[in-house]
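Each remark here refers to the structure printed beneath this line.
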Amino acid sequence: MFPPPFLPFPQPDGFLPYYGGYALPDMGGLGLSIQLVTAANFEAELYTIAALLPKFPVVAIDTEYPGTVHRPPAGRRERDLAPADRYALVKANVDELPIVRLGITLCDADGNVPLVAGAGAARPRERAWEFIFSDFDPLRDRHAPESVAFLRSRGVDFRLAPEGGVRAAAFAARLAAVLAPARLRGDLAWAAFGGAYDFAYMVKMLSGGQPLPGTWHDFMAQTKALLGGRLFDGKYMAEHSGRPDLCGGGLRRVAARLGAPMPNPAAPCLAGPKSYIACGIYTAMRRHFRDQDHGVGWRFFIDHDHGAWFDGLIDGFH
């Protein structure tokens with residue numbers, strides 16, 4: 001039985017390996033293990049996430065969705081739109097299209113990620129989660145064919161997801177219970193990279209599938225209210241870091257230039273691994289802004305929350 005809100009969650013014993021999931025090839029570090037989450041195990045996995053949140057209160061997310069069916073006016077790119085127009089486009093797409101997958105990676109303030117024991121004598125691996133949702137059906141729902149084809153090429157099985165995936169409504173109800181104690185502690189933070197669609201899908205699910213608010217100002221207020229804690233976009237932080245080499249880059253390019261950990265590029269990179277990379281970028285950006293603070297002593301470095309002024313600034317909306 002899933003625990004009701006505000007009850008303490010016990011720490012998982014040893015945080016041992018799970019059924020399902022897959023391990024990405026080791027690149028010299030600890031390696032990354034992705035826990036696939038379906039209707040069969042989503043309550044157990046959310047219970048584990050709840051138990052880990054007190055020690056790992058930063059939640060990095062990434063989403064997969066069936067592309068976009070609403071596009072910018074002819075001759076214009078989405079990234080060139082004014083914030084209000086960009087939000088209107090995100091809202092139109094998210095309101096109409098269901099989520100396909102959600103990746104979650106937890107970390108602490110220093111970027112440490114939970115570890116799971118390896119099989120036998122294998123080294124422990126860092127853990128991330130990838131939730132598979134059942135709501136989208138390409139035979140029924142509108143979508144961008146090229147985006148669905150891309151997801152299929154990366155291993156997404158749209159035939160099995162409607163049968164074994166998690167319903168977004170069921171996930172949201174359980175997630176609200178998981179977040180309740182963390183909201184009371186006041187240490188929760190969310191991170192994404194280019195997070196407009198990622199945060200929008202979280203708001204859609206947690207609001208019960210209701211249309212997103214009419215303006216991006218109201219959207220940001222609702223995002224704060226539903227998710228709790230602070231919101232950070234690693235892409236926005238990189239674009240405003242003072243480093244020209246971080247401007248205009250995608251997820252992997254920015255991670256590589258920051259020296260952030262990345263899974264093996266030969267493996268399929270869907271929402272789970274991408275949330276892990278987004279987590280590394282967020283941590284690296286906080287370290288970058290720490291190094292930019294001049295003329296202060298070591299105690300300032302310990303106590304100051306570097307990069308905190310980026311709270312709530314989402315790429316494309318500001």
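The values are calculated or read from the model by the stated rules, or taken from the named source; none is laboratory data. Every value quoted in this text rests on a predicted model; they were computed, and no experiment measured them. We place every Cβ from the backbone using ideal geometry, glycine too, and count neighbours over all the protein chains shown. Quick note on the areas: whole protein, heavy atoms, side chains included, nothing else; ligands and nucleic acids left out. Shrake-Rupley method; radii C 1.70, N 1.55, O 1.52, S 1.80 Å.
Going through (1) open to solvent by less than 20 Å² (accessible area, probe 1.4 Å); (2) more than 19 Å from the chain's Cα centre (by Cα); (3) closer than 30 Å to E239 by Cβ one by one, A191 falls short only on (2).
With the structure loaded, tell me whether R142 is open to solvent by 20 Å² or more (accessible area, probe 1.4 Å), more than 15 Å from the chain's Cα centre (by Cα) and farther than 23 Å from E45 by Cα or whether it fails that test. Taking the combined requirement at face value, the residue satisfies it.
For beta carbons closer than 6 Å, sequence separation of 6+ or different chains, a first residue in the range 154-165 that is farther than 16 Å from V37 by Cβ and a second that is open to solvent by 50 Å² or more (accessible area, probe 1.4 Å) and in a loop (DSSP other than H, G, I, E, B), the qualifying pairs are R154/P268. Listed conditions (1) assigned to a helix (DSSP H, G or I); (2) more than 17 Å from K224 (Cβ to Cβ); (3) not polar (S, T, N, Q) are all met by A180, apart from (2).
Quick check on this structure: which one of A51, A60, A39, A44 is modelled with pLDDT of 95 or more, in contact with a Cys (Cβ under 6 Å, 6 or more places away or on another chain) and open to solvent by less than 60 Å² (accessible area, probe 1.4 Å)? Break it down stepwise before answering.
On the way: A51 fails: in contact with a Cys (Cβ under 6 Å, 6 or more places away or on another chain); A39 fails: in contact with a Cys (Cβ under 6 Å, 6 or more places away or on another chain); A44 fails: in contact with a Cys (Cβ under 6 Å, 6 or more places away or on another chain).
Of the residues listed, the single one that is modelled with pLDDT of 95 or more, in contact with a Cys (Cβ under 6 Å, 6 or more places away or on another chain) and open to solvent by less than 60 Å² (accessible area, probe 1.4 Å) is A60.
Out of L226, L151, report the one residue that is surrounded by 21 or more Cβ atoms within 10 Å (Cβ to Cβ), at negative phi and either of a type in the set (A, V, I, L, M) or touching a residue at least 40 places away in the same chain (Cβ under 8 Å) (or both). Before the answer, list the steps.
Details: L226 fails: surrounded by 21 or more Cβ atoms within 10 Å (Cβ to Cβ).
From the options L226, L151, the qualifying one is L151.
If only residues of the range 154-177 that are of a type in the set (D, E, K, R) and not in a loop (DSSP other than H, G, I, E, B) are counted, the one that is surrounded by the fewest Cβ atoms within 10 Å (Cβ to Cβ) is E163.
One line per residue, one yes/no per condition, for (1) of a type in the set (S, T, Y); (2) at pLDDT below 95:
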| position | (1), (2) |
| --- | --- |
| A117 | no, yes |
| A121 | no, yes |
| S134 | yes, no |
| H143 | no, no |
| V148 | no, no |
| L184 | no, yes |
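Based on this model, can you work out whether L89 counts as under 23 Å from P213 (Cβ atoms), open to solvent by less than 30 Å² (accessible area, probe 1.4 Å) and within 15 Å of the chain's Cα centre (by Cα)?
Values: under 23 Å from P213 (Cβ atoms): yes; open to solvent by less than 30 Å² (accessible area, probe 1.4 Å): yes; within 15 Å of the chain's Cα centre (by Cα): no.
So L89 does not fit the description; no.
Answer yes or no as to whether A176 is touching a helix residue (DSSP H, G or I) at 6+ places or on another chain (Cβ under 9 Å), under 17 Å from R101 (Cα atoms) and aliphatic (A, V, I, L, M).
On the way: touching a helix residue (DSSP H, G or I) at 6+ places or on another chain (Cβ under 9 Å): yes; under 17 Å from R101 (Cα atoms): no; aliphatic (A, V, I, L, M): yes.
Considered against the rule, which asks whether it is touching a helix residue (DSSP H, G or I) at 6+ places or on another chain (Cβ under 9 Å), under 17 Å from R101 (Cα atoms) and aliphatic (A, V, I, L, M), A176 comes out as no.
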